[in-house]
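Shown next, in structure tokens, is the structure this report addresses.
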Amino acid sequence: MTDSKAALRAFGALLAAKGLLGAALSSVSEPGVVHLTTGALCAVALLGAARSRPWGATAFVGAAALTVVTSFPHTLNHRWFELVVALVLWRAAVAPVHRSLRTVVHARVVLQLAILSVFFFSGLQKIAHGQFLSGEHLLREMAMDDSTMSWALRKGASVFGSMPSIDATHLVFGSVPLPISASLVTAVRVTSVGIVGAEILLPLGVACGVFGARWLLLAAQIGIGLVSAEIDFALTATGALLLLWRAPPRAAWIATFVGWLAVGVVIWGGLLP
Amino acid sequence: MRAIHILRHGPDRVLAWVALLLVGWPMAHAVLVQTLDVSSWRFGGWGMYATAAPRASQVVAFVRRCDAPTLRPALASRGPRVGVLDDGGLQLGGLAVDATGYRLASDLAAFRGDHHFVAFAGWLRRAHHVPTRTPLALAVVEPRVHVSGRRAMGIVRLAIVRDGELILRDRFSSSVVHVDVVLPPCGSTS
């Protein structure tokens, strides 16, 4: 139980530190009372997590809710995810003493369900809509050539052939033939199927206790995070995945924070597209 | 098995509801995306990357040739990102719309329903001072890469809006979109 409680506290501290950093950066680029309030709440949450005080978890719920409310209805999915996580951490923190042990275990299982749900349903939605599974989505991302993801995909697929760039304005009056090699199309299709398969099967494997599934899921998250450059979500998700282990060492939490921060600096600093 | 037992018989009722939400909402969200054109990228349904990411610059508005001379100066003066398109042969009065200030259709829902076109036309008139009576043809371009044919296909949804009402909506994926054909002729009332 102590392990579970420590893990929840470490996760809370990780999210609070990320929120504090994000609010600080946002305050510089776009000064406003919302970022200041969010930053202050995250600072309180970080202090509370460090001192094992329930008001820290309460402050983090406030920060997460404020972010969702002020960005609604355009709220990004990882903000909803953080709100769910904040609610769970808060319930564990404020549980009455007589049922504290069981609530902490309950909260940890719900957090595991949360991260598995993100992977599993992402895969199912990709099947439901069809664009991703056919390879069309990744090819389109490569062709539009306007993001880190596009750059990473082009680099990765360069052994199978080059991908021409297109622009939305070129397509207004009709279709443009694309000289794409058959091997590139095949490679992208196989990759797309592989990604969807991993998103669905790995969470199921973790839920069923398959040996090594949690390591593969962690590796998949790191890979997807690097390619998509979704640093904010990758940091949260990697932290959530650490909860799949009973007692993640403190070094793992620190490495998660510092590692993704370093990737963010590389991308935001313009060293990568 | 133990995890399922904890989820079902855990001590905290709020956590139980959260767990139920984590399983139920993504499924409901997928249905909403299919039936109501809700964006798969929003509202916490974990459908990011399942559909093409919304790109606000893909809306192009056209006006009739007779309306273009009076509109072009005003439209062209709205900023460097608002340009005037000219297809050469047809000399259409058209403008590439900077739609970054308009997020409702492109960000929260797929640009498919009639109300999306009407709402966008209303925003466009206010943003670019286009008179209500001037018919607007809106071409919403959805860039697709047609894998089997190895072609980049501009799937175009076209609509004409006037007086706050949609008077024509169609979908083109052919090589040429003849906008002047579907716009009402100059001087006509319908």
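Total residues in segment A:69-95 satisfying the condition of being surrounded by fewer than 17 Cβ atoms within 10 Å (Cβ to Cβ) and more than 9 Å from chain B (Cβ to nearest Cβ): the figure is 5.
Per-residue answers, yes or no, for (1) without any contact (Cβ under 8 Å) to a residue 24 or more places away in the chain; (2) not hydroxyl-bearing (Ser, Thr, Tyr):
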| residue | (1), (2) |
| --- | --- |
| B:3 | yes, yes |
| B:8 | yes, yes |
| B:14 | yes, yes |
| B:19 | yes, yes |
| B:27 | yes, yes |
| B:31 | yes, yes |
| B:35 | yes, no |
| B:46 | yes, yes |
| B:51 | no, no |
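For segment A:80-90, the criterion of being aromatic (Phe, Trp, Tyr), over 19 Å from the mean Cα position of the chain (by Cα) and farther than 17 Å from residue A:253 by Cβ is satisfied by at least one residue.
Within segment A:166-191, being modelled with pLDDT under 75 and part of a loop (DSSP other than H, G, I, E, B) holds for A:166, A:167, A:172, A:173, A:174, A:175, A:178, A:179. Do you know which of the residues in segment A:141-162 that are of a type in the set (Gly, Ala, Ser) and more than 15 Å from residue A:227 (Cβ to Cβ) is surrounded by the most Cβ atoms within 10 Å (Cβ to Cβ)? Only one residue tops the list, namely A:143.
Can you name the residue in segment A:104-140 that is outside any helix (DSSP H, G or I) and within 7 Å of chain B (Cβ to nearest Cβ) and, of all such residues, is surrounded by the most Cβ atoms within 10 Å (Cβ to Cβ)?
Out of the qualifying residues, it is A:132.
Annotation: residue B:89 fulfils all but one of (1) within 25 Å of residue A:118 (Cβ to Cβ); (2) modelled with pLDDT under 70; the unmet one is (1).
The values are calculated or read from the model by the stated rules, or taken from the named source; none is laboratory data. If you're wondering where the values come from, they're calculated on a predicted model, not measured in any experiment. All Cβ positions, glycine included, derive from the backbone under ideal geometry; neighbour counts span all protein chains shown.
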